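Please treat every number below as a calculation from the coordinates, not as lab data. Because the structure is predicted, anything quoted here is derived from the model rather than measured. Note: ideal-geometry Cβ built from the backbone for every residue, glycine included; neighbour counts use all protein chains shown.
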Amino acid sequence: MTPPAPHSDFALECQGITKQFGGLIAVNDVSLHVPKGDIVGLVGPNGAGKSTLFACISGLLRHEHGTVFLNGNDVTKVSPQKRARKGMARTFQQPQLFSGLTVREHVVLAHRLRFESRRLWTDMIGPSSLRKPPTSETEAVNRIIELLEIQDLAGLPVSSLPLGSTRLVEVARALACAPEILLLDEPLSGLDVNESEQLARALQRVVKESDHGLSMLFVEHDVATVLSLSDTIYVLDFGQLIASGTPEEIRSSDVVRAAYLGDEIVSTKEGDE
Amino acid sequence: MIQYMIAGLVLGGIYAIASSGLVVTYESSGILNFAFGSMAYFIARLYYFLETEHHFGIILSAVLSLFVAAPVLGIALYYALFQHLRLSSSLVKVVATLGLSVALPALATLIFGTASILTAPGLAPQPVRVFNVGGVPVTLDQIIVYICVILTVVIGGLVLRFSEVGLRVRAMVDSPAMTDLSGTNPRRVSVGVWAVSSFFAGLAGVLGAPIIGLDTQHFTLLIAAAFAAVVAARLRSLPIAVLTSLAMGVATSLIQYWLPSSSPWTSRCITAVPFAFIAVFLIYSLIRRRDLSDSTKVGSALDAAIQPHGQGVLASPEAAMLDSSMGFLARYGGAIGFTVLFLVLPLLISGVWSSLLVQAYAFGIIFLAFTLVIGEGGMIWLCQISFAGIGALWTGQLATNYHWPVLLAVVAGGLIVLPIGLLVGMITIRLGGLYVALITLTFALLVENLYFTMGRFTNGGLGVNILRPTFAGSDRAFTYVCLVVFGIIALFVVNLRRSTTGMALDAVRSTEQGARTLGISVVQMKVVIAGLAALVAGIGGGMLAVAQTSAQPVNWSTFLGVVWLAVLVSVGIRSAIAALIAGVLFAMLPQLAVTYLPSSLSELPTILFGLGAIGVAKFPQGTVEQNGENFRRFLLRQARRRQGNAELLSVGTEGAAS
């Protein structure tokens with residue numbers, strides 16, 4: 001059977017992704033899509049296959065079956081670095097920062113890789129590192145640092161930062177790539193209440209104010225945040241998609257209630273009422 | 001032929017004991033002990049000292065060396081070094097154990113003397129009895145090896161796999177913290193493992209000495225074979241390590257059976273055996289798409305969490321402010337001071353010191369290749385000396401035999417090495433740090449024994465003489481030529497580090513996943529830096545050969561490359577000026593020792609080089625950066641004190657006013 005054609009309005013579309021580790025099926029025939037300009041949440045208990053699915057989408061893991069489309073283009077066999085250059089950025093559950101760089105340098109590097117990728121090689125032989133960076137770069141970098149309110153950390157090496165701050169740096173680095181689709185793997189875990197609210201606000205604002213239609217797919221354990229931020233939510237359990245829909249639909253889904261959300265969704269709903 | 005196979009199984013058995021010792025310590029502590037061969041040599045030399053030189057008798061000598069000295073050595077090294085390495089980076093682990101491998105043989109020479117040993121006895125009484133088994137003569141030494149292999153490998157393997165002690169040992173590698181919480185003292189387990197591993201090393205040494213000879217160079221073949229077995233075992237599988245070891249022993253013996261002993265190709269093929277096994281393993285892994293990327297992960301999240309984190313006081317906002325406010329002199333004073341010193345030094349010295357200084361600066365150029373590939377690229381390559389050697393030998397060929405202008409020959413030597421560097425880079429690109437170290441070490445041994453022994457390079461043991469360029473014929477003039485070449489490459493390295501390329505390299509070193517999802521091609525970055533490093537090593541090798549006015553293959557032994565790395569890392573692997581300081585230390589210290597110390601202490605510089613590399617366990621960034629950091633700490637403390645005084649003063653003034 002021929003798979004359905006990709007939808008041109010979707011920033012990201014996955015069709016029938018299956019990933020096996022030996023005898024274990026970590027992700028089983030999962031399909032999802034992220035419309036342009038939308039925030040889509042992905043929830044599921046530990047071991048549901050969320051991070052594996054993220055790794056497949058970003059190209060770090062090769063899946064056995066299924067197709068990944070980025071802006072309508074098939075990127076299934078494209079390397080992670082090429083996906084990044086085509087507008088896909090991601091963060092990790094365990095932040096993957098560059099230990100020798102400062103916070104600002106993370107943002108600068110990401111910005112240059114996206115907008116001046118030739119500098120990756122030309123800088124090696126030229127004296128560009130001695131010159132002042134162009135104003136456009138400085139402004140773009142400052143804007144992102146201010147958006148995430150990490151100005152005080154900008155000059156610090158990331159190895160000195162607590163977990164919460166490293167998550168903010170990872171998001172800043174991802175945003176500096178000016179992505180069209182941003183994949184966030186548990187961005188709020190390890191953040192205190194203030195930091196969580198600060199990051200959630202920043203994410204909403206960046207999607208809203210994006211001039212190139214930024215979309216976002218994020219995994220999060222904090223159900224209340226997922227329900228409040230997302231336009232659409234997908235629920236995974238044991239590697240399978242068990243539900244999808246708007247926050248209201250997920251809230252009222254018996255399958256989700258029974259299989260995963262349990263008391264937490266009830267209390268959230270009661271709280272809202 | 002059966003006789004050869006029996007002899008091969010004996011050799012393979014010794015390899016098996018060595019590889020088992022390596023796998024057991026890796027399995028329990030995450031450290032691949034590159035000093036295993038040196039430990040084996042040290043204990044074997046002690047056994048010879050007791051048994052042959054002081055007539056203690058076989059049993060007493062064996063008990064003292066294998067059951068007392070070997071475990072004590074293992075335990076002492078655990079407390080002094082290995083316990084600090086558990087959660088260190090692969091580079092620190094490799095370099096610290098390599099440092100030990102440099103220091104131990106030199107220490108053995110210091111203690112036991114420099115007498116060359118032609119034949120070493122085994123554990124069987126002399127003359128060795130020969131038994132006739134099914135028409136095949138088998139010596140008592142061979143029977144003892146078989147018994148030891150069965151006792152250590154089989155029983156050791158069973159204990160590790162099925163006993164409670166084995167369970168505790170295996171739990172250690174997953175998480176010492178969790179092992180501790182579950183009621184087992186991880187320190188006691190580690191001490192036991194290192195004592196046993198050291199016993200294995202001693203046993204392999206004592207059993208191997210009669211076969212391979214009691215000489216540090218010969219022990220490198222033993223360790224190369226053991227490393228090949230460990231690579232094939234993917235660092236962890238004891239049965240595969242043992243089987244590969246036995247297969248290598250038999251293969252070595254069959255080569256001796258098939259090829260005439262007078263042919264130079266016999267010894268060449270024998271040295272190529274470990275590399276051939278590694279090549280087969282790599283091809284098999286490539287076909288089966290086996291993951292060889294993350295082999296060095298040791299310890300759980302809990303272990304990482306309870307480790308001291310961050311850079312403490314130097315990573316504070318105050319430190320960042322201090323950094324930005326530091327004046328030009330405070331920031332670059334050290335580098336400027338050393339540069340001025342290295343500029344005027346050739347004018348201040350003469351005679352033998354002058355001829356050493358010209359070599360020192362050429363060493364500085366070669367060391368920049370290490371700075372590039374290890375410091376910037378994060379790849380633990382142990383074959384830079386082979387690249388430098390190829391550059392040097394081809395410089396000799398082109399300049400002398402083909403009459404090229406000598407400096408052009410140096411550049412051509414570098415360009416010849418470039419594609420080899422790219423090739424090695426592409427082969428090892430997807431492998432984890434330890435695999436890269438092991439494979440490049442074996443590659444270096446292969447080049448040393450297979451390529452550098454070719455007649456065109458050895459020239460009957462004379463090497464090839466090289467004339468310096470006419471405009472820089474004197475030591476002093478050529479010292480400045482070396483300094484100019486060093487300066488150009490050093491500026492390139494410094495610029496690279498500050499540039500976007502340098503930031504991207506930092507990304508690749510820190511986390512390949514993070515780098516790739518940011519759009520950086522890890523393969524491209526690593527291959528380019530590997531090629532550049534090979535080019536620099538080739539040019540440096542050529543410059544050194546010209547400085548020495550001779551291209552001699554014996555000057556490029558793999559073991560010497562390990563000493564180079566030890567010296568450089570202890571000074572600083574990420575600093576260009578450190579490369580030159582290391583070059584000066586390496587070239588000058590031995591002569592200083594010869595001139596000013598009694599001849600019995602002539603090995604002291606080598607011991608110091610080794611100890612310096614061991615010190616990397618405590619100061620991973622080397623002495624240059626460490627001292628720079630200490631200076632920053634001092635400035636920060638001063639700034640805080642001044643701030644504190646100012647606050648006190650203002651409080652006092654306010655108090656007086658009110």
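One table, with the values for the structure above:
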{"read-out": "Burial ordering of A:R90, B:R161, fewest other beta-carbon atoms within 10 Å first", "value": "B:R161, A:R90"}
{"read-out": "Calculated FRET efficiency for the pair B:L491/A:L163, C-beta based, R₀ 56 Å, to 0.05", "value": "0.90"}
{"read-out": "Around A:E170: net Lys/Arg minus Asp/Glu count, Cβ-Cβ under 10 Å", "value": "+2"}
{"read-out": "For the protein assembly as shown, size of Cβ-based charge dipole, Lys and Arg +1, Asp and Glu -1, in debye", "value": "2580 debye"}
{"read-out": "Around A:A55: net Lys/Arg minus Asp/Glu count, Cβ-Cβ under 11 Å", "value": "+3"}
{"read-out": "For the protein assembly as shown, alpha-carbon Rg over 2.2 N^0.38 Å", "value": "1.04"}
{"read-out": "Residues A:E197, B:E448 arranged by fewest to most Cβ contacts within 10 Å", "value": "A:E197, B:E448"}
{"read-out": "Förster radius 60 Å - calculated FRET efficiency between A:E209 and B:I283 (Cβ-Cβ, nearest 0.05)", "value": "0.65"}
{"read-out": "Separation of the B:S602 and B:M5 label points, Cα + 7 Å toward Cβ, nm", "value": "4.8 nm"}
{"read-out": "Inter-label distance, nm, simple model (7 Å from Cα along the C-beta direction), A:L24/A:W121", "value": "4.1 nm"}
{"read-out": "Chain B - charge dipole about Cα centre, Lys and Arg +1 at Cβ, Asp and Glu -1, debye rounded to 20", "value": "760 debye"}
{"read-out": "Entries in A:K36/B:K526; A:K36/A:K132; B:K526/B:K618; A:K132/B:K526 that, when Cα-Cα distance is taken, lie over 32 Å", "value": "A:K36/B:K526; A:K36/A:K132"}
{"read-out": "Rounded if a/c under 1.5, otherwise prolate or oblate - segment B:413-514, Cα gyration tensor axes", "value": "oblate"}
{"read-out": "Dipole axis of segment B:355-559 (+1 Lys, Arg; -1 Asp, Glu on Cβ), positive-most option in B:L356, B:F457, B:V481", "value": "B:V481"}
{"read-out": "Loop-located GluC sites (Glu not before Pro) in segment A:98-151 whose Cβ has at most 16 other Cβ within 10 Å (DSSP)", "value": "A:E149"}
{"read-out": "Shape call, segment B:105-258: gyration tensor on alpha carbons, a/c limit 1.5", "value": "prolate"}
{"read-out": "Beta bridges by DSSP in segment A:10-258, antiparallel share as percent, to the nearest 5", "value": "55 percent"}
{"read-out": "Percent RCO, i.e. relative contact order, over chain B, from Cα pairs under 8 Å lying at least 6 residues apart", "value": "21 percent"}
{"read-out": "Coil-residue chymotrypsin sites (Phe, Trp or Tyr not before Pro) of segment A:37-95, DSSP, other Cβ within 10 Å capped at 13", "value": "none"}
{"read-out": "The protein assembly as shown: calculated mean residue ellipticity at 222 nm from DSSP helix runs of at least 4, using -39500 (n - 2.57)", "value": "-19500 deg cm²/dmol"}
{"read-out": "Hz values of 3J(HN,Hα) by residue in segment A:12-28 - Karplus curve (6.51, -1.76, 1.60), Gly and Pro given as x", "value": "9, 9, 10, 10, x, 6, 10, 10, 10, 10, x, x, 8, 8, 6, 10, 10"}
{"read-out": "Ranked B:I212, A:I181, criterion: other C-beta atoms within 10 Å, fewest first", "value": "B:I212, A:I181"}
{"read-out": "Linear extension gain, B:I117 paired with B:R498, 0.36 nm per residue minus alpha-carbon span", "value": "132.0 nm"}
{"read-out": "Cα lying deepest toward the dipole's positive end in chain B, options B:I270, B:S65, B:A409, charges on Cβ", "value": "B:A409"}
{"read-out": "Tilt relative to chain A, helix A:103-115 - C-alpha long axis, 0 to 90 degrees, to 10", "value": "90 degrees"}
{"read-out": "Estimated vicinal HN-Hα couplings, Hz - segment B:228-243 in sequence order (Karplus 6.51, -1.76, 1.60; Gly, Pro = x)", "value": "4, 5, 5, 5, 4, 7, 6, 6, 10, 8, 4, x, 5, 4, 5, 5"}
{"read-out": "Chain A - charge dipole about Cα centre, Lys and Arg +1 at Cβ, Asp and Glu -1, debye rounded to 20", "value": "1520 debye"}
{"read-out": "Residue list for segment A:179-197, given a label point 7 angstrom along the Cα-to-Cβ vector of A:E149 and an amide N cut-off under 12 Å", "value": "A:192-197"}
{"read-out": "Helix axis angle, A:193-209 relative to chain A longest principal axis, alpha carbon, degrees", "value": "80 degrees"}
{"read-out": "Charge dipole (chain A, unit charges on Cβ, about Cα centre) - positive-most of A:V169, A:T102, A:P134", "value": "A:P134"}
{"read-out": "Nearest-0.05 FRET efficiency for A:N142 and B:A639, computed from C-beta distance (R0 41 Å)", "value": "0.90"}
{"read-out": "Cα shape, segment A:10-258, gyration tensor, a/c 1.5 rule", "value": "prolate"}
{"read-out": "Set of segment A:12-47 residues, backbone N closer than 16 Å to the point 7 Å along the Cα-Cβ line of A:S189", "value": "A:42-47"}
{"read-out": "Crossing angle, helix B:522-548 versus chain B [Cα axis fit, 0-90 degrees, rounded to tens]", "value": "90 degrees"}
